[in-house]
Structures are given as C-alpha cells and as structure tokens.
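The values are calculated or read from the model by the stated rules, or taken from the named source; none is laboratory data. This one's a predicted model, so the numbers in the text were calculated from it and none came from an experiment. Here the Cβ positions follow ideal geometry from the backbone for every residue, glycine too, while neighbour counts run over all protein chains shown.
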Amino acid sequence: MMLTRTALRAHSAPICFTNRRCLSGSARLFVASEAAATRKEGDISSVFRSLSGGKDEALPPRFADVKKKLLGSKDQLQASWVRLLERLAEENEIIRAAGNKVIPEINFADIGSPSAEFDEAIRRRGVAIVRQVVPEAEARAYKDEIEEYVRLNPWTKAFPPHDPQVYELYWSRPQLRARAHPNMIATQRFLMQYWHTNNPEAEISTKDPVTYADRLRIRQPGDAGFALGPHVDGGSVERWEENGYGQGHVYDKIFEGKWEEFDSWEAGTRINAVSDLYHGAGSCSMLRLFQGWLSMSKTAPKEGTLLVNPLLSLSTAYMLLRPFFIPRSQPISDTAGEFSKEFLSPQNWVLEDDVSSNLQGAFPGHSQELNNILHPHLDLQHSMVHVPNITPGDYVAWHCDTIHAVDKQHQGKTDSSVIYIPACPATRSNLDYLSKQRDAFVQGLPPQDFPGGKGESEHTGRPTPSYLEKHAETDGLRAFGLRPFDTASGETAGEKRIGQYANEVLGY
C-alpha cells in the first residue's frame with residue numbers, strides 16, 4: 001500500500017542536518033521517493049526523440065487552435081517575418097566568417113570588472129566561457145574520482161548502456177563539491193546579473209543561486225552515440241501554449257510581430273512560465289537562466305564538445321515564428337543542406353492559409369529539436385559553432401533559449417568530460433523544487449526532473465549532507481538548501497519576499 005504524503009510524514013522520523021534544527025513535516029517537505037516514482041527509469045535519451053527513436057508524427061489538432069490564439073494582425077506578423085529573414089541572412093554571414101571568435105571569454109579572476117566588450121558580446125551572443133573557475137588540477141581530479149565511484153558501483157545506469165558516455169549520477173562527491181565551490185557560486189551570480197527585471201515586485205533573486213542536480217558526461221574518443229543535434233531545452237510545445245510560457249507572457253512581443261522589442265534578458269516574465277506541462281522523463285521544471293557545464297578535461301572543436309548558435313534573439317524569434325509560415329515553392333534539392341536564394345527569399349514565404357498543428361521539431365514531453373530541413377533560414381550547418389579549446393576547470397554557459405548541440409562524433413584522442421551545472425535563480429517554483437531535491441539528496445534518489453528508480457541509494461561511497469557540510473562554505477550550502485537565506489540582503493520588495501519564502505519552504 002502506498003502511503004499518502006501526510007502518512008509518510010507521520011510515519012517518518014525528521015531529517016536532521018549538522019548544526020541546524022530537524023526538518024519535520026511542518027517544514028513542508030515532500031518525500032523524494034514519491035516524486036521519483038512519478039517518472040519511470042531511464043537515461044538521457046528519454047529527453048530527445050532523436051536519441052530514443054521517436055517517430056515523426058503530427059501533433060494533435062488542438063495545436064492548430066493554440067497557434068490561432070497567437071495570431072494577431074497577419075499583415076504585421078508577415079512584415080516582421082520579412083524583417084527577421086533579412087536580418088538573419090546578414091548575421092549568418094557574419095557567423096560564417098568569424099566562427100567561434102564571436103564567443104566571449106573572461107577569466108574568473110576578472111569577473112568583478114568585465115569589459116564593455118564582454119558585456120555587449122554576452123548579451124548579443126547568449127553564451128560565454130569563464131576560464132579557470134576551478135583550478136585545473138582540482139577539476140581534472142574530479143574525473144578520476146568519478147570513475148572510481150563508477151568502478152565501485154558497476155550497475156550505474158548510463159547512455160548508451162553498452163558503451164557509457166552520459167551517467168545517471170547526481171550525487172557523487174565531485175559533483176557536490178563542484179556545485180558548491182565558492183568560485184562556481186560566484187560565477188553563477190556574475191552571469192545571472194546580466195538578467196534584469198523592471199518589476200520591483202518580481203519574486204526572484206539572481207544573487208542567491210540555487211543548485212540544480214544534473215548528470216555528468218565522460219565521452220570517449222570515437223563515440224557517435226551521444227550525438228545530440230541542434231536543440232533547445234526547457235520544454236518544446238510549451239513555448240506556444242497559453243498555460244506554458246504564455247503564463248509569463250514571455251514571447252508576446254515576438255507573436256505580436258515586434259520581435260525587435262523582445263528582451264531575451266527580462267527575468268520577470270520567466271517566473272510564472274511553465275516549461276514541463278507533460279512531465280516527460282527528463283523534462284526540466286526548474287528555471288535555469290543559464291545552462292552550463294564545468295570541464296574536467298581538455299577538449300577542442302570536433303572532440304565531442306558543444307556547439308552553439310550565437311544569434312540569441314534572432315534564432316529565438318525564428319524558432320517561434322517558423323510554424324506560422326510555409327514556402328510558396330519547395331526547394332529543388334536539399335540533400336546537401338544548402339538551399340537556393342529563391343527558396344530562402346522572404347517573398348517565397350507566406351502565412352499558412354489553413355493553420356496547421358505543425359510546431360516544427362516540438363513534441364510534448366521532449367526538448368525542442370531543430371534541423372536544416374525544418375528551419376532552413378537558420379543555416380544551422382554554418383551558424384552552429386564549436387566552443388573554443390577548453391581546459392579542466394573552465395565553465396561554459398549558455399542562455400536558456402540558446403540553440404545548442406553536441407559533436408556528432410568525438411574525433412579526439414582523449415575523453416571529453418563535463419559536469420552539467422546550470423545557473424538558477426531563487427524563485428518560488430525553484431525553491432519548491434530545491435526542497436524536494438534536498439530530500440532526494442538525503443536518500444540518494446534521482447531528482448524529480450529525472451528518470452526514477454533507486455538511483456544511487458545503494459551506491460558504495462555515496463556522500464551524505466554531512467560530507468557537504470565539511471567541504472562547502474555558507475553560500476554553497478545555501479544553494480543546496482542546507483542553510484537559511486539572508487532575508488535582510490534583498491534590495492527590492494520581491495527579493496525580500498523570495499528570501500522569506502525560501503526559509504519557509506526549506507523549514508528555517
């Protein structure tokens with residue numbers, strides 16, 4: 001018999017952590033095993049139809065109604081589409097010529113005083129590299145320790161099962177130390193300050209990063225299994241749905257035909273957006289202002305690393321408007337991934353007469369996937385650029401709307417290894433998630449966004465909160481929900497309220 005949440009609280013002893021009071025039912029904690037049970041066991045392939053073998057199929061007719069509700073002035077939308085295609089053509093040529101030189105970099109030692117050039121570039125490109133966030137020797141040692149953890153626990157799930165590249169690990173000691181590292185916390189805080197909100201009542205704090213436990217990758221030379229094509233995380237069809245991103249009116253300006261007025265860095269609208277309406281195995285419910293990873297190895301382009309599309313606002317607008325437009329004439333040949341100027345011409349693309357349910361590359365419960373056939377004007381074969389050479393300890397971060405991919409094949413001679421660590425602000429929904437994630441940490445279970453099962457609960461050498469207490473400072477412990485928030489530090493009414501809510505939901 002499955003106990004209810006109330007019964008579980010009544011039958012379970014309070015969870016206690018070092019140097020702080022016990023967390024009982026009054027702390028409004030959820031039981032992680034109950035959350036994990038809502039998602040079946042699996043691996044990272046469940047997030048992507050291209051990895052899990054999902055077949056192309058039409059979306060239900062109701063998505064045509066979703067699109068119709070977004071249609072305003074057709075003339076205004078058509079005109080905005082023409083302007084967008086013209087601008088994309090110009091910017092794609094710049095990326096073709098410059099390649100990954102457009103990706104801004106900064107040394108961790110300099111994040112206190114970034115240059116004006118860096119500021120402009122990160123806002124325009126939506127991606128950045130922060131060098132040496134963790135000392136190289138320390139970051140390199142993380143991988144050795146993780147490999148030993150896997151050796152001690154050979155039943156650890158991974159993708160693909162026959163040749164592991166991405167491990168279903170969330171609570172290894174190196175992952176804990178990396179997430180709580182004071183330099184990592186400082187880097188997350190630094191990056192999130194590029195976001196803003198004009199609403200002082202917005203309940204969000206970018207000064208208090210909260211941790212999101214994610215997987216790790218140790219990709220071996222020659223691997224072609226973990227070949228993620230261009231995609232965007234944080235849901236897919238939700239971007240068009242009224243009860244998805246529409247809850248925060250995130251993309252209203254784009255749908256109104258005013259994409260130039262869309263602000264990719266407005267955080268206030270993201271607070272109420274819902275990115276996981278379908279609770280797919282691996283869909284992300286937490287607001288990640290930046291996705292990112294910390295490198296544990298040296299990696300160069302084509303060596304199993306990341307590619308990004310550095311046209312943040314333009315690619316976002318195109319992805320969202322593409323489902324409303326169709327070509328008058330089809331391309332003669334697209335097998336080489338190149339299209340004629342006539343086919344790509346704005347004059348060849350018009351609004352659908354009969355609104356279809358098509359949302360190119362979007363499917364409920366999965367990430368949004370893009371390709372050159374469905375999204376020809378993005379010129380993905382050229383506009384997706386590799387991140388530059390990476391060394392252990394470097395942190396790569398990209399805006400949550402950024403199109404990104406992974407090398408189809410690892411052509412290097414050594415492994416390409418990273419720990420996935422995004423930058424997440426304190427919001428009500430993120431703090432609700434954090435409280436449940438903390439329970440999962442205590443029990444060694446997968447966090448609730450990820451495939452379920454017993455996870456690392458029986459792993460030899462799995463660390464507990466007492467381990468983190470010994471290896472993290474106050475900010476790092478707070479990010480895990482193991483320390484109270486400073487309610488006096490908030491500058492706006494919204495920041496103050498979110499600090500108070502944090503302590504309420506975390507039981508302080």
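The sole residue among GLY393, GLY361, GLY365 that is of a type in the set (Gly, Ala, Ser) and more than 18 Å from the chain's Cα centre (by Cα) is GLY393.
For every residue, the table says whether it meets (1) in contact (Cβ under 8 Å) with a residue 40 or more places away in the chain; (2) within 30 Å of LYS298 (Cβ to Cβ).
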position	(1), (2)
LEU191	yes, yes
VAL210	yes, no
ILE218	yes, yes
ASP223	yes, yes
HIS231	yes, yes
LYS253	no, no
LYS258	yes, no
PHE262	yes, no
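For the condition surrounded by fewer than 21 Cβ atoms within 10 Å (Cβ to Cβ) and either of a type in the set (Lys, Arg) or within 29 Å of GLY455 (Cα to Cα) (or both), GLU148 qualifies. Which number in (1) modelled with pLDDT under 95; (2) surrounded by 21 or more Cβ atoms within 10 Å (Cβ to Cβ); (3) under 18 Å from the mean Cα position of the chain (by Cα) marks the one condition that ALA227 misses? Answer for ALA227: the failing condition is (2).
Test ASN92 against the stated conditions and say whether it is in contact with a helix residue (DSSP H, G or I) (Cβ under 8 Å, 6 or more places away or on another chain) and either touching a residue at least 24 places away in the same chain (Cβ under 8 Å) or surrounded by 13 or more Cβ atoms within 10 Å (Cβ to Cβ) (or both). So ASN92 passes the test.
VAL232 falls short on exactly one of the conditions (1) modelled with pLDDT under 95; (2) under 17 Å from the mean Cα position of the chain (by Cα), and that condition is (1).
Of the residues examined, ASN183 is one that is assigned to a helix (DSSP H, G or I), surrounded by fewer than 23 Cβ atoms within 10 Å (Cβ to Cβ) and out of contact with any Asp or Glu (no Cβ under 7 Å at 6 or more places or on another chain).
Select from region 115-142 the residues that are under 29 Å from ALA472 (Cβ atoms) and in contact with a strand residue (DSSP E or B) (Cβ under 6 Å, 6 or more places away or on another chain) and list them in ascending order. Residues satisfying the conditions are PHE118, ILE122, VAL127, ALA128, ILE129, VAL130, ARG131, VAL133.
Only one entry of LEU311, LEU321, LEU307, LEU351 meets the criterion of being surrounded by fewer than 19 Cβ atoms within 10 Å (Cβ to Cβ) and at pLDDT 95 or above, and that entry is LEU351. Restricting ALA300, ALA267 to residues that are modelled with pLDDT of 95 or more and touching a strand residue (DSSP E or B) at 6+ places or on another chain (Cβ under 6 Å) narrows the list to ALA267.
Check region 290-297 and report whether any residue there is in contact with a Leu (Cβ under 6 Å, 6 or more places away or on another chain), of a type in the set (A, V, I, L, M, F, W, C) and not in a helix (DSSP H, G or I). Yes, there is a match, as at least one residue in region 290-297 is in contact with a Leu (Cβ under 6 Å, 6 or more places away or on another chain), of a type in the set (A, V, I, L, M, F, W, C) and not in a helix (DSSP H, G or I).
Just the residues that are of a type in the set (A, V, I, L, M, F, W, C) and either out of contact with any Ser or Thr (no Cβ under 7 Å at 6 or more places or on another chain) or assigned to a strand (DSSP E or B) (or both), please, taken from region 258-288.
Within region 258-288, TRP265, ALA273, VAL274, LEU277, MET286 qualify.
Give me the pairs, please: first residue somewhere in region 480-497 and among the β-branched types (Val, Ile, Thr), second residue anywhere and outside any loop (DSSP other than H, G, I, E, B), beta-carbon distance under 8 Å, and either six or more positions apart or on two chains. Note: pairs meeting the criteria are THR487/LYS496; THR487/GLY499; THR487/GLN500; THR487/ASN503. Put simply, of PRO331, PRO323, PRO364 the only residue that is touching a Gly at 6+ places or on another chain (Cβ under 9 Å) and either assigned to a loop (DSSP other than H, G, I, E, B) or within 26 Å of HIS399 (Cα to Cα) (or both) is PRO364. When the residues of region 460-483 are filtered to those that are more than 16 Å from MET184 (Cβ to Cβ) and polar (S, T, N, Q), which remaining residue is surrounded by the most Cβ atoms within 10 Å (Cβ to Cβ)? By that ranking, first place goes to THR464. Is it the case that LEU374 is out of contact with any Ser or Thr (no Cβ under 6 Å at 6 or more places or on another chain) and within 22 Å of VAL232 (Cβ to Cβ)? Yes: the conditions hold for LEU374. Taking the criterion of being among the polar types (S, T, N, Q), over 25 Å from THR305 (Cβ atoms) and touching a Gly at 6+ places or on another chain (Cβ under 6 Å), would at least one residue in region 234-245 satisfy it? The answer is no; no qualifying residue exists.
Identify, please: which residue in region 209-224 is in contact with a His (Cβ under 9 Å, 6 or more places away or on another chain) and buried (at least 18 other Cβ atoms within 10 Å of the Cβ) and is, among those, farthest from PHE450 (Cα to Cα)? Here the answer is ASP223.
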